[in-house]
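Chemist: Right, I'll just put the structure down here and ask away after.
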Amino acid sequence: MASNVLSISINQDGSCFACGLTSGFKVFNAVPFKETVMIWDDLQGKCIGELSFRSQVLVYNFADLKLVAQIETGSNVNGLLAVSSISESSVLACPGMNPGQVRIQHYTNKTTKVIAAHDNALACISLSLDGKRLATASEKGTLIRIWNTADGEALQEIRRGLDNSVIYSLALSRFCNWLAITCDKGGAHIFGLDHETVALPQTAETSLGDAETFHRNSSLGAKEGDSTPATALLKESLSTALLSTSSFSQLKLAHGPEGVRSVVAFGVTPNSIVVTTASGCFYRATFDPFKGGEAAQELFSKFDQDAGPGLE
């Protein structure tokens, strides 16, 4: 049976997702899972902000929908675009003029950086919540690269596999210690990232606390009672996980047809992910940050049906 879902997208912090349907569009909360409001102009009696373009990125002020910027790109048939906006910074990433290029626009300090990310055309890009890190994948789908958006430095390269694959989505966790992907090989996969990729808050006091939290949530945490400073532990954490090209944790998408496009994001609770698929399925799962392996599915729902969400 054909699905009436045309497109799906998860917001930056994984708290809600939107889906375009043949009958319109809907916005859902991920935690708790429920349908919520749509952005609607009641005076005009229509949805506002619908845009259609292929080789340009149009940036609008959300408050009044006035055009702020118009960015020329190369071929962008998949509509690749990533935006991360917090009080401290506003960052936008989109394809550059040439295949494999990424343009990073920092609106806070009004700077632009162009990265030659891949030899092949881009398939997927994703910014971290604070805009400090960028994850990219090409149409070949064998390598995923993590970049520092401030200076364009390559921080890490993850080999997904040796055979080509279509990467559907990429997601970076809050402190960039985890990367999640979905692809045409099926399921969602989580990879551990090294200490150079981790983006912790700037203040020394906060950084130490977050470093300790990150270490406790990493796959190679110290044994209980270890008094090694958290900053030193950061340099050693995840090292074993990084030796393998296999993902650290996996979630099987057991419901719905195989081979449909899916989008992953990290959830609002620690060590959790949410996944939506073009077949109208929603998953929420948690993974063990110490042992990895199969993630534990906590919730499944068919969100494109009239019936309310169900827990399985």
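The values are calculated or read from the model by the stated rules, or taken from the named source; none is laboratory data. Note that the coordinates shown come from a computational prediction; the quantities given were computed from them, not determined experimentally. No Cβ is skipped: glycine too gets one built from the backbone with ideal geometry, and neighbour counts run over all protein chains shown. Surface areas here come from the heavy atoms of the whole protein model, side chains and all, with no ligands, DNA or RNA. Shrake-Rupley method; radii C 1.70, N 1.55, O 1.52, S 1.80 Å.
Chemist: Could you check how many residues of region 34-88 are at pLDDT 75 or above and among the acidic types (D, E)?
Modeler: Counting residues in region 34-88 that are at pLDDT 75 or above and among the acidic types (D, E) gives 3.
Chemist: Right, S169: assigned to a loop (DSSP other than H, G, I, E, B) and of a type outside the set (K, R) or not? Before the answer, list the steps.
Modeler: On the way: assigned to a loop (DSSP other than H, G, I, E, B): no; of a type outside the set (K, R): yes.
So S169 fails the test.
Chemist: Among the residues of region 254-307, how many are open to solvent by 50 Å² or more (accessible area, probe 1.4 Å) and hydrophobic (A, V, I, L, M, F, W, C)? I'd like the intermediate steps shown before the answer.
Modeler: Residues of region 254-307 that are open to solvent by 50 Å² or more (accessible area, probe 1.4 Å), as a first pass: 254-255, 257-259, 261, 268-270, 288, 290-291, 294, 296-298, 302, 305-307.
When the remaining residues are screened for being hydrophobic (A, V, I, L, M, F, W, C), the result is 254, 268, 290, 296, 307.
Matching residues across region 254-307 total 5.
Chemist: Of the residues in region 131-142, how many are free of Cβ contacts under 8 Å to residues at least 40 places away in the same chain and small (G, A, S)? Before you say what the answer is, go through the steps one by one.
Modeler: Taking region 131-142 as the starting set, the residues that turn out to be free of Cβ contacts under 8 Å to residues at least 40 places away in the same chain are 136, 138-140, 142.
Keeping just the survivors that are small (G, A, S) gives 138.
Looking only at that region, the number is 1.
Chemist: Looking at (1) surrounded by 14 or more Cβ atoms within 10 Å (Cβ to Cβ); (2) modelled with pLDDT of 80 or more; (3) small (G, A, S), which is the only condition A30 fails?
Modeler: (2)
Chemist: Across region 146-172, which residue is modelled with the lowest pLDDT among those that are touching a His at 6+ places or on another chain (Cβ under 9 Å) and open to solvent by less than 60 Å² (accessible area, probe 1.4 Å)? Step through it out loud before you land on a result.
Modeler: Taking region 146-172 first, the residues touching a His at 6+ places or on another chain (Cβ under 9 Å) are 149-150, 160.
Those left that are additionally open to solvent by less than 60 Å² (accessible area, probe 1.4 Å): 149, 160.
Values: T149: 95, R160: 86.
Among residues in region 146-172 that are touching a His at 6+ places or on another chain (Cβ under 9 Å) and open to solvent by less than 60 Å² (accessible area, probe 1.4 Å), the one modelled with the lowest pLDDT is R160.
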